[in-house]
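Undergrad: Sharing a structure below in structure tokens format, with a few things to ask.
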Amino acid sequence: MVARRLGVAPSTLRTWNRRYGIGAQALSPGRYRRYTDEDISRLEHMQKLILRGVSPGDAARAALAAGSTPARLPAVEDPVTRPGPGHGVERRCQRR
């Protein structure tokens, strides 16, 4: 089972397919998803990027752009060094 191999829930795979167009592109006559080796390779690539801190949408775009057998992970901004929202800005709540 692909979900178990990736360590995600089957509903996550369905969501990725619906939202980002990544995953099984064919259904069997019984309406089961049929994953090719290329589909699985793309999903593994996406999962590796997500584990590095890349958003699912960006990870899906990178995995689809990389093709079926990426030689290495594409260059992405490192989420640890990339300043996030409010980075370096101290915010305090004021009560009135």
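Undergrad: Going by C-beta contacts inside 10 Å, put Ser28, Ser55, Ser41 in order with the fewest on the left. Please list the in-between numbers first.
TA: Details: Ser28 9, Ser55 12, Ser41 17.
Result, fewest neighbours first: Ser28, Ser55, Ser41.
Undergrad: If you take the beta carbon distance between Arg18 and Lys48 as r and set R0 to 25 Å, what does 1/(1 + (r/R0)^6) give as a FRET efficiency, to the nearest 0.05?
TA: Values: r = 21 Å, r/R0 = 0.85.
Calculated value: 0.75.
Undergrad: Using label points projected 7 Å from each Cα along Cα→Cβ, tell me how many nm separate Met1 and Asp58, to one decimal.
TA: 3.1
Undergrad: Nearest 20 debye, what's the magnitude of the dipole of the stretch 2-66 about its Cα centre given +1 on Lys and Arg Cβ and -1 on Asp and Glu Cβ?
TA: Working: 12 positive and 5 negative charges, 50 e Å.
That gives the stretch 2-66 a dipole magnitude of about 240 debye.
Undergrad: Same structure, new question: To one decimal place, what Kirkwood hydrodynamic radius in Å is obtained for the stretch 2-66 from all pairs of distinct Cα atoms?
TA: On the way: mean 1/r = 0.0851 Å⁻¹.
Averaging 1/r across every pair of different Cα atoms and inverting gives 11.8 Å.
Computed from the coordinates by the stated procedures, all read-outs in this text should not be read as laboratory data. Predicted model, so just to flag it, every value in this text is computed and none were measured. Don't worry about glycine lacking a Cβ; one is built from the backbone with ideal geometry, like all the others, and counts go over all protein chains shown.
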